[in-house]
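For reference, the structure is listed below as structure tokens.
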Amino acid sequence: MSKVVYAVFLMGFAIAAQAGNPEAGKEKSRTCAACHGADGNSPTADFPRLAGQHYDYLVKTLRDYKTGKRKNAIMAPQVANLSQRDFEDLAAFYSAQSGLVVRKNPYLVHSGKP
């Protein structure tokens, strides 16, 4: 397989893997806002910041709360009636928000100097 075909294949896979609808996720996030903030930037350190988190991590975490693989007395009832599609929509919304700080390595950032 040529490098170009392989790259196009991987790009298609990445898009398919992130199939959630951020607009639908925004609507579904109203209940979440009480603890995690309207845009996923929690107003208190008591609750995790969801804004800017990785899409696939959010989907997996929500699924793990629902199945009981991840235990939390607050989250378990919140996700009990959510579907896989709901997880994907919420993850699409929160992952698109600004929030988590990403540290940049100075040697990877162009300084503008020749």
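Say whether the condition of being at pLDDT 95 or above and assigned to a helix (DSSP H, G or I) is met by at least one residue in region 7-22.
Yes, the conditions are met somewhere in region 7-22.
Modelled with pLDDT of 95 or more and surrounded by fewer than 18 Cβ atoms within 10 Å (Cβ to Cβ): does that describe residue 63?
Yes; evaluated as a whole, the condition is true for this residue.
Within region 56-84, which residues are free of Cβ contacts under 8 Å to residues at least 12 places away in the same chain, among the charged types (D, E, K, R) and closer than 20 Å to residue 24 by Cβ?
60, the sole residue that qualifies.
Could you please find all residues in region 67-87 being in contact with a Phe, Trp or Tyr (Cβ under 8 Å, 6 or more places away or on another chain) and part of a helix (DSSP H, G or I)?
Hits for region 67-87 are 75, 76, 78, 79.
The values are calculated or read from the model by the stated rules, or taken from the named source; none is laboratory data. These figures come from a predicted structure and were not determined experimentally. Virtual Cβ from ideal backbone geometry, glycine too; neighbours counted across all protein chains shown.
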